[in-house]
Amino acid sequence: MRNLSTLSALVSLRFRTSSSQAISTLDTVNSRDIRPLNTSISSIKSTLLSSMDLETYINKEQVKVVEHFFDLPLDYNHPFGEKIRVFARNLIPKNKAKTEKEENDLPYLMYLQGGPGFEVGLMGSSGFAGEIHEQGYQTLWLDPRGTGLSTPISADTLPARLKSDQDIADYLKHFRADSIVQDCESIRQILIGDKPQKEDRKWTVMGQSFGGFCAITYLSFHSEGLKEVFITGGLPPLVDNPDPNYEWTVQKVISRNKIYYAKYPKDIRRVRDIADHLEGNTVVLPSGGHLTVRRFQQLGIDFGMSGGIDRVHQTVLRVANDLELFGKISYKALQTIEHSQSFDGNPIYAILHEPCSGHYSKASRWSADRIVQKHPQFSWSQIKKLSADEPIYFTGEMIFPQMFNDYANLRHLKGAAELLAQDSSWRPLYDLQQLAANEVKVSAATDNEFKKIRYVPFELAQETAAKIRNTEQYITNQLFHSGIREDPKDVMKRLFQLSRREFA
């Protein structure tokens, strides 16, 4: 433990001080403390000399923005091996902190983004960020490793040393929640690890969707760094394989399709005509990907968001209108479809979605694809044989092996994705014993409406909540998965009320 503490101290020097100050301090460190870590004073000095200055500015909403870049281990089992860059944006509301001392005294709330594989855009003083700032927090918005400014993963940015599909698969295994949490812990120790009071060295985390999964991983393995946890739509299924999760999800997707076609009955014929056109023609998207029947069905992922049904209808209407007018799908319509499907630019979502989605000790083996195949409503080859009033269903939040043919930027990752789908050597993402003994307050907002697609099935979320001690929930049937963005004032008010644990 002494060696690990020394390592944390040395890493934190790089970000809390100037390089010259850090090197001066480093000279006072007893070399016996770091010799067992198989490194040297000179190599750490070299790292310190490469440190980057912080970029700071104040936006028009009077929020101070600090851009943080951290060079952290790819593999925490080899802390002095290969490094990746991790980015986090610190927002400090100036109406809560007029001086540097007041800024330093503001408690941190770290936001963990949904996904997996998505970065965080620049937030301001409105929306849920503003609600958090009003509670007296400064916030830290992490681009999880492999996204945004954090050594982003893409077929064209992978390290040159990765020569085979197995090399790529092994590399990508370092981009799950366990590594993201270790990044958070490194950053926490860098930013506040030297505060004199123990409670001041902790911070609060808030996780949306997959970010909630990361928060539960955080509770499992590094709860000592946490004051409190807020979760919106992100209580992970604690089952040993993904099939139960997708069995529930498919039922929700079927229900949502029924609502869609009841609202837009003329879309039954429109979608069938579109599927017929796509089956009989090679339709190339602006990126070079292919718009197949299966890819068109994936528009249904939007059914779980507020207004999603209406957005899908507008796309169907545009494409059907193109076919009627021109006998083909226009560039504008193709552009609209491609814009709504972000897998090309955020490939981690496709590659690691199933391995990231639960407490799995078994290979996923393309779980969603296997479950969907049990239901003929999703199969165009089956539906096209039936009467013209029989609809073909859209799919939901699911990943399919065919995506690695249909999406141009996923094709080069197809072999690695197949290896990962068959891999059963995953480390556990949760510690059920630790969660059962949890002492950190967990406040969660959860949707329980059966007819909405929930990206985390309510039934499994409730099983999870029951296994995590000190968890309280705000359960509602009024919100979609995007509720934190659609109604941030109410959601954050409810979460902060829960946090007070006032039940009388």
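The values are calculated or read from the model by the stated rules, or taken from the named source; none is laboratory data. No experiment lies behind these values; they were computed from the predicted model shown. We place every Cβ from the backbone using ideal geometry, glycine too, and count neighbours over all the protein chains shown. The accessibility values were calculated without ligands, DNA or RNA, using every heavy atom of the protein model including side chains. Shrake-Rupley method; radii C 1.70, N 1.55, O 1.52, S 1.80 Å.
When the test is whether a residue is closer than 21 Å to Trp380 by Cα and charged (D, E, K, R), Arg295 passes it. Annotation: Gln478 fulfils all but one of (1) modelled with pLDDT of 95 or more; (2) open to solvent by 50 Å² or more (accessible area, probe 1.4 Å); (3) of a type in the set (S, T, N, Q); the unmet one is (1).
If you go through region 190-248 and keep only what is aliphatic (A, V, I, L, M) and in a strand (DSSP E or B), you end up with Val205, Met206, Leu226, Val229, Ile231. None of Thr139, Thr151, Thr157 is open to solvent by less than 10 Å² (accessible area, probe 1.4 Å) and of a type in the set (S, T, N, Q) except Thr139. If you go through region 83-97 and keep only what is open to solvent by 10 Å² or more (accessible area, probe 1.4 Å) and touching a residue at least 60 places away in the same chain (Cβ under 8 Å), you end up with just Arg85. Among the residues making up region 254-271, those that are open to solvent by 20 Å² or more (accessible area, probe 1.4 Å), part of a helix (DSSP H, G or I) and of a type in the set (D, E, K, R) are Arg256, Lys258, Lys263, Arg269, Arg270.
If a residue must be surrounded by 14 or more Cβ atoms within 10 Å (Cβ to Cβ) and outside any helix (DSSP H, G or I), how many such residues does region 365-387 contain? Number satisfying all stated conditions: 5. Glu228 meets the conditions (1) surrounded by 19 or more Cβ atoms within 10 Å (Cβ to Cβ); (2) in contact with a strand residue (DSSP E or B) (Cβ under 6 Å, 6 or more places away or on another chain) in every case but one. The failed one is (1). May I ask you to verify whether Lys252 is among the charged types (D, E, K, R), more than 21 Å from the chain's Cα centre (by Cα) and at pLDDT below 95? Yes: the conditions hold for Lys252. Among the residues of region 481-504, the one identified as aliphatic (A, V, I, L, M), at pLDDT below 85 and within 23 Å of the chain's Cα centre (by Cα) is Ile484.
Out of region 403-445, which residues are within 19 Å of the chain's Cα centre (by Cα), open to solvent by 10 Å² or more (accessible area, probe 1.4 Å) and either of a type in the set (D, E, K, R) or within 13 Å of Ala169 (Cα to Cα) (or both)? Residues satisfying the conditions are Trp426, Arg427. Of all residues in region 487-504, those that are without any contact (Cβ under 8 Å) to a residue 60 or more places away in the chain have Cβ atoms under 6 Å from Cβ atoms of residues that are among the acidic types (Asp, Glu), 6 or more apart or on another chain, in Leu498/Glu472.
Criterion applied to Gly146, Gly121 was being open to solvent by less than 70 Å² (accessible area, probe 1.4 Å), touching a residue at least 24 places away in the same chain (Cβ under 8 Å) and not in a strand (DSSP E or B), and the one residue passing it is Gly146. Tallying residues that are on the phi > 0 side of the Ramachandran plot and either among the hydrophobic types (A, V, I, L, M, F, W, C) or in contact with a helix residue (DSSP H, G or I) (Cβ under 6 Å, 6 or more places away or on another chain) (or both) within region 268-321 yields 1. Quick one: in region 53-78, which of the residues that are at pLDDT below 95 and of a type in the set (Asp, Glu) is least open to solvent (accessible area, probe 1.4 Å)? Filtering first and then ranking leaves Glu61. The condition of being in contact with an Asp or Glu (Cβ under 7 Å, 6 or more places away or on another chain) and in a loop (DSSP other than H, G, I, E, B) holds for only one of Pro428, Pro401, that being Pro401. Would you say Glu324 is open to solvent by 40 Å² or more (accessible area, probe 1.4 Å), among the acidic types (Asp, Glu) and part of a helix (DSSP H, G or I)? Criteria met by Glu324.
Screening region 337-364 for residues that are open to solvent by 50 Å² or more (accessible area, probe 1.4 Å) and in contact (Cβ under 8 Å) with a residue 12 or more places away in the chain and picking the one that is nearest to the chain's Cα centre (by Cα) gives Gly345. Those residues that are of a type in the set (D, E, K, R), touching a strand residue (DSSP E or B) at 6+ places or on another chain (Cβ under 9 Å) and more than 21 Å from Gly115 (Cβ to Cβ), I need them from region 163-212; list them, please. Listed by number, the residues that qualify are Glu199, Lys202.
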